[in-house]
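Encoded as structure tokens, the structure appears first; notes follow it.
The values are calculated or read from the model by the stated rules, or taken from the named source; none is laboratory data. Fair warning: this is a prediction, and the values are worked out from it, not measured in the lab. We place every Cβ from the backbone using ideal geometry, glycine too, and count neighbours over all the protein chains shown.
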Amino acid sequence: MGEKKNLYKNPEYYTNREMSWVLFNHRVLSEARDKNIPLFERLKFLSITASNLDEFFMIRVASLKDMVNAGYTKKDIAGMTAKEQLEKLGEQIHGLVDLQYSTYNRSLLPLLEQNGLHVVKKHEQLSKEDAAYLDKYFESNVYPVLTPMAVDSSRPFPLIRNKSLNLGALVTKKEGKGELEFATVQVPSVLPRIVEIPGENRKVILLEEIIERNIHKLFLNYDIVCVHPFRIMRNADLTIEEDEAADLLKEIEKQLKKRQWGEAIRLEVEEGIDKRLLKMLKKELAIGSEAVYAIDGPLDLTFLMKMYGLEGFDKLKAKKYTPQPVPKLPAGEDIFAAIREGDILLHHPYQTFTPVVDFIRQAAKDPDVLAIKQTLYRVSGNSPIIAALAQAAENGKQVSVLVELKARFDEENNIVWARMLEKAGCHVIYGLVGLKTHSKITLVVRREEDGIRRYVHLGTGNYNDATAKLYTDVGLLTCSEAIGEDATAVFNMLSGYSEPLHWNKLSLAPLWLKDKFLYLIGRERDAALAGKPARIIAKMNSLCDADVIAALYEAAAAGVKIDLIVRGICCLKVGIPGISENISVRSIVGNFLEHSRIFYFENDGNDEIYCASADWMPRNLERRVEILFPVEKEELKAELLHILQNQLKDTVKAHLLTPEGTYEKVDRRGKETFNSQDAFCKEATAMAAESKETENNRVFIPETHHE
Amino acid sequence: MKTFAAIDVGSYELAMKIFEFSGKDKMREIDHIRHRIDLGTETYATGKLSYDKVEELSRVLKEYKKIMESYKADAYKAYGTSAIREMKNSGIIRDQIEQRTGINIDVLSNSEQRFLDYKSIASKGEEFDKILEKGTVIVDIGGGSIQISLFDKGTLTTTQNLKLGVLRLRERLNRINARPAQTEELLEEIDDAQLSVLDKFYLKDKKIENIILVDDYLSRYLMQKREESGTPGYISGKEYQTLMEFLRSSNARDIAFKMGISEENAQLLFISAVLLNRIITMTGAELIWAPGVTLCDGIAYEYAQQQKMVISSHDFDKDILDCAIQISKRYMGSRKRAETLESLTMTIFDSTKKLHGLGKRERLYLQIAAILHDCGKYISMVNLGECSYRIIMATEIIGLSHLEREIVANVVKFNHEEFLYYEALSRESSLDRQSYLTVAKLTAILRIANGLDRSHKQKFKDVKALLKDRELILTVDTKEDITLEKGLFADRAQFFEEVFSVQPVIRQKRGL
């Protein structure tokens, strides 16, 4: 058996996760390049590729650099060392960036022009009136917030902030000997990046162009030799990335002190930058040529998200979808009574997130509720959930909240409202040592006539009412005794008490979840070997756990038919002869961010279907607290299966992974055009309308006379 | 409906269960919180608890208090077991903790603790009754000792405490520095002396079909793993052998992984499993049932009984009496005479309720005292009182606390010996005044009952007792000559008169 396992773990059968990520960002970029998509939506997708790339640099590239610096030579599942990965990534990312800008310059800009929005690329191209307007704008709005900095022997090279956009200039003293000096000014992030120029036609220009035009006003005693925008990305994240193996973490921890804090890992400059300026930047930032990106266009394309927000272009945007009410939970309904009627499945954003907020709001006010317990990972800025929890504590309920401070990028935000909850009297747990709490679970304990009853919400997405409008997720509301007991046990564990003697329904990472998945996959394999029908459909965001992939290969080789719907990274390869010919992988990149994790197992006719907060990634299965929960009511199982089947049918937004390792759009010949996200929108709308109709029909009909 | 919190301050774990009682017989566990804290190692070694441990204990108890408040619990009961029991300064520490947390910890003697464990199994109701229909051994494996109780046709025939707890055995194994492969063999050598005695005295010739297992390691696995197939908690003797094979052939890491426990616990689980396997082999039991209960269940069950919320089909007092009968048998007590005494004492007790004001529990003491009245005879006919006292004090009677046992032992002793008054008695005994009065009253009753059966010929089978003014009239329906009894009765009755200010009088009614 051991030998056979090794066979499935052959590095040749795996794709490196970073390379797979680049492919994912290419899929997002392909949306920006898709002519069938409204123009402004395409801007949005391009903006997303840019912010994705920024995050990728800060987290993944930084991590690889750490490995190289730490002299870590262990290979990844695809058999690549960190150094090899960085080299390969360099090429790939340069290609990606080139494509981003050719999309911007060649497709989007001309289309914007055609559609009545002129983007002034260079301030030199401004008309006299426009220039005058912008100079005035500069003086009254921009100048006061600028902090120009010059470098000379008495002033060291200034700290350039991570991710900030800057203008770099070479200057000479007006009365000096012509010696070149470096000067810089940050393009202030507090001001809008896009400035609209008044006039008959709609025109916009970027803030850095306005500053560049007026830069001489900042360095009065100097002559300006040249000015160019630049931007750097730093390895400033001092927390260690949880994605890596434990032995690596130890190694890096040792190296941490040696690591130069905030080492620059990417330098973006305008194409055609003055060579002397570039040389100076490279030297001061200690950055090699491979990390320099010469950009043909504006740096930091995330401004396109702001452009999307410009008013007056509604025709060039997709029609806004309003999340629909859940038929079983009409507004104003007693949510606890509704749950007692039976489990309720929520499908966001097609269905509204309001019931989840109401669940906590009603619990906060309900005199019979004893306690509310919840895990919070990322919440929105002005979260109604936080307000409801605080209210509950003030009403004398026992409120326990686990706040995950380690949630990437959200730390400051989290601390503020965690303190607020504490003040209101909630018991706040600030995460667990060494583990991120990624599970999404809420428990409401209610004292009813016939005893304690527990109401539980379990979900695949965060308790964030803002992202719930954009991310596709599923949630379950239940008062099942078995799940209620488990939920209580989960919170006991999160409070630092020992694990329960046994679990009824839930499986938790990091202790049990991986085994459970391996068991479920193994059971399908056994069924296939016994000649029974065997099938797995799994939907998730990323797939890169070697043990799970090996188990899938083994199952597929035994004859299990496996369909995977993986939005992002996928280290599994399809079409390997004798190994993964039975596996299909598709990725859906659409208007909504695919985020739900749903797992279907045929189990010899007694099909089982689960939802989870976890992906099939080592970090989810080994270093996070995650929950897998079964959905057992037949009609809800059918709903979940329907979600999976619709996604398998998608011919518009689905990309299929090919044996060559590329992603191709589904070949539509002979198939109907089917966009699963659109279909879900329509279904949710129809369902809501139908239930409204039946509601209006609530007129008693008297029995007529019988013969 | 009532909510109740049961707290078990164990040797290596502080556990709390929240229960809800609704209706007459519904007992439902709604939360189970466990915190690992090793109190045993310190108190077993030094007899005291370090400052840090007291701190930790207080902190967690405070949290527990909050949790029970959040459930709006109506009552709680906290019991300390061996770690607290063996603490030299237990009183001081318990007071300190109570001052700081508001939680009062009572101490359980071993026999009380085992009785509660036993009640916890009984709280499983029908399953328990069903399994007891056949010969059954309850194996209750703790950290310091194991308790083995034998049931024959639903009757508790014996219960024995063996110092073979898993923590204790592990400590010994570690001292020997045994290789893992030797573990099983060594364990067998260590436990053989005690187990073979058990086998010889009690198990031989008994047909044992079922084993009920109470422990912290194996039960958990049996409860969990069996969910895939079969009923959780049950395993056949044959399946158990397969499990043993797996345990023997795996290292601690594999066991830990497969069973979802820590490696440290894997060793304890193995010890637990070997002990159980020994008993399975000895008895040839075919079915093992792990009800997965803990002391907390027993605490709650006891509370429910007190609150008259659970009407149990099982008669626990009968278990205690059965146990006393077995002890009497062992010391060759006369069953016939004991029966007469039992009946006489009960008649008198019941008809003098107004005089003594004692309750059901004290009635049980008297009954046990009647059963054990002559056990000391086994050692010495002359020193009957003292020897009986010593035997009773040295024998565990399941369900009786140490104090209760002392009451019974004193009643038996003073049945034969001159009564020591509180002032004299308190010099050598820890009995409080209340218990002393109980001893006095029960002794008075036992003495006249004894007097009525002076000849040991059971002439007074049918006695009616009637309290009339300042006389207790004992009407005997017999044709036999009762001159002896009548003559010596005055002497016996004197103490009764002293205690109750009522004079017992014998009347003979000659039947037709």
- prompt: When the stretch A:67-95 is examined, which residues are found to be part of a helix (DSSP H, G or I) and crowded, with 19+ Cβ neighbours inside 10 Å?
  reply: A:M67, A:A82, A:Q85, A:L86, A:L89, A:I93
Count of the stretch B:18-43 residues which are more than 9 Å from every other protein chain (Cβ to nearest Cβ) and surrounded by 22 or more Cβ atoms within 10 Å (Cβ to Cβ): 4
message: Restricting to the stretch A:201-226, count the residues that are without any contact (Cβ under 8 Å) to a residue 40 or more places away in the chain and of a type in the set (A, V, I, L, M, F, W, C).
response: 1
- request: Look through B:I208, B:I280, B:I235, B:I212 and report the one residue that is in contact with a Pro (Cβ under 9 Å, 6 or more places away or on another chain), more than 14 Å from chain A (Cβ to nearest Cβ) and surrounded by 20 or more Cβ atoms within 10 Å (Cβ to Cβ).
  value: B:I212
- prompt: Here are A:L470, A:L494: which of them is buried (at least 19 other Cβ atoms within 10 Å of the Cβ) and not hydroxyl-bearing (S, T, Y)?
  reply: A:L494
- prompt: For the stretch A:366-415, how many residues meet the condition of being at pLDDT 85 or above and either among the charged types (D, E, K, R) or in a strand (DSSP E or B) (or both)?
  reply: 17
- prompt: If you check B:C323, B:C296, which single one turns out to be crowded, with 23+ Cβ neighbours inside 10 Å, more than 25 Å from B:E171 (Cβ to Cβ) and within 14 Å of another protein chain (Cβ to nearest Cβ)?
  reply: B:C296
- line: Across the stretch A:605-642, the tally of residues that are among the hydrophobic types (A, V, I, L, M, F, W, C), in contact (Cβ under 8 Å) with a residue 40 or more places away in the chain and part of a strand (DSSP E or B) stands at 7
query: If you take the residues of the stretch A:499-533 that are charged (D, E, K, R) and under 17 Å from A:A558 (Cα atoms), which of them is nearest to the other protein chains (Cβ to nearest Cβ)?
result: A:R523
message: Of everything in the stretch A:463-481, what is more than 14 Å from every other protein chain (Cβ to nearest Cβ) and touching a helix residue (DSSP H, G or I) at 6+ places or on another chain (Cβ under 8 Å)? Give them in sequence order.
response: A:Y463, A:D465, A:A468, A:T472, A:V474, A:G475, A:L476, A:L477, A:T478
message: Against the condition more than 30 Å from A:G575 (Cα to Cα), hydrophobic (A, V, I, L, M, F, W, C) and touching a strand residue (DSSP E or B) at 6+ places or on another chain (Cβ under 8 Å), how does A:M67 come out, does it pass?
response: no
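Does the stretch A:500-548 hold any residues that are of a type in the set (D, E) and touching a Lys or Arg at 6+ places or on another chain (Cβ under 8 Å), and which are they?
We begin by selecting, within the stretch A:500-548, every residue of a type in the set (D, E); these are A:515, A:524, A:526, A:545, A:547.
Across the stretch A:500-548, the qualifying residues are A:E524, A:D545, A:D547.
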The stretch A:375-395: number of residues that are touching a strand residue (DSSP E or B) at 6+ places or on another chain (Cβ under 6 Å) and under 15 Å from A:D465 (Cα atoms): 3
- prompt: Does A:V357 meet the test of being more than 30 Å from A:S691 (Cβ to Cβ), buried (at least 18 other Cβ atoms within 10 Å of the Cβ) and of a type in the set (V, I, T)?
  reply: no
- line: Selection over the stretch A:482-491 where residues are facing chain B (nearest Cβ under 10 Å) and either within 16 Å of A:A614 (Cβ to Cβ) or out of contact with any Pro (no Cβ under 7 Å at 6 or more places or on another chain) (or both) yields a count of 4
- request: Can you tell me which residue within the stretch B:309-353, out of those that are among the β-branched types (V, I, T) and closer than 22 Å to B:A444 by Cβ, is nearest to the chain's Cα centre (by Cα)?
  value: B:T345
message: Condition (residue is modelled with pLDDT under 95, touching a Phe, Trp or Tyr at 6+ places or on another chain (Cβ under 6 Å) and in the same structural domain as A:L109 (by TED's automatic domain parsing)) applied to the stretch A:45-54: is it met by at least one residue?
response: no
query: Do we have any residue at all in the stretch B:46-69 that's within 14 Å of chain A (Cβ to nearest Cβ) and of a type in the set (S, T, N, Q)?
result: no
query: Which one of these does B:S120 not meet: (1) in a helix (DSSP H, G or I); (2) in contact with a helix residue (DSSP H, G or I) (Cβ under 7 Å, 6 or more places away or on another chain); (3) within 14 Å of another protein chain (Cβ to nearest Cβ); (4) surrounded by fewer than 21 Cβ atoms within 10 Å (Cβ to Cβ)?
result: (4)
Leading residue by the ranking (nearest to the other protein chains (Cβ to nearest Cβ)) among those in the stretch B:179-205 that are among the polar types (S, T, N, Q) and either touching a Leu at 6+ places or on another chain (Cβ under 8 Å) or part of a strand (DSSP E or B) (or both): B:T183
- request: Working only within the stretch B:87-117, note down all residues that are crowded, with 19+ Cβ neighbours inside 10 Å and more than 13 Å from the chain's Cα centre (by Cα).
  value: B:M87, B:S90, B:I93, B:R94, B:I97, B:T101, B:I103, B:I105, B:V107
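Residue by residue, here is whether (1) buried (at least 22 other Cβ atoms within 10 Å of the Cβ); (2) within 14 Å of chain B (Cβ to nearest Cβ) holds:
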position	(1), (2)
A:I415	no, no
A:G434	no, no
A:E448	no, yes
A:H457	yes, no
Matching entry among B:E342, B:E302, B:E286, B:E362 (being without any contact (Cβ under 8 Å) to a residue 60 or more places away in the chain, of a type in the set (D, E) and touching a helix residue (DSSP H, G or I) at 6+ places or on another chain (Cβ under 8 Å)): B:E342
- prompt: Are any of the residues in the stretch A:18-38 polar (S, T, N, Q), in contact with a strand residue (DSSP E or B) (Cβ under 7 Å, 6 or more places away or on another chain), farther than 16 Å from A:Y308 by Cα and not assigned by TED's automatic domain parsing to the domain that holds A:D300?
  reply: yes
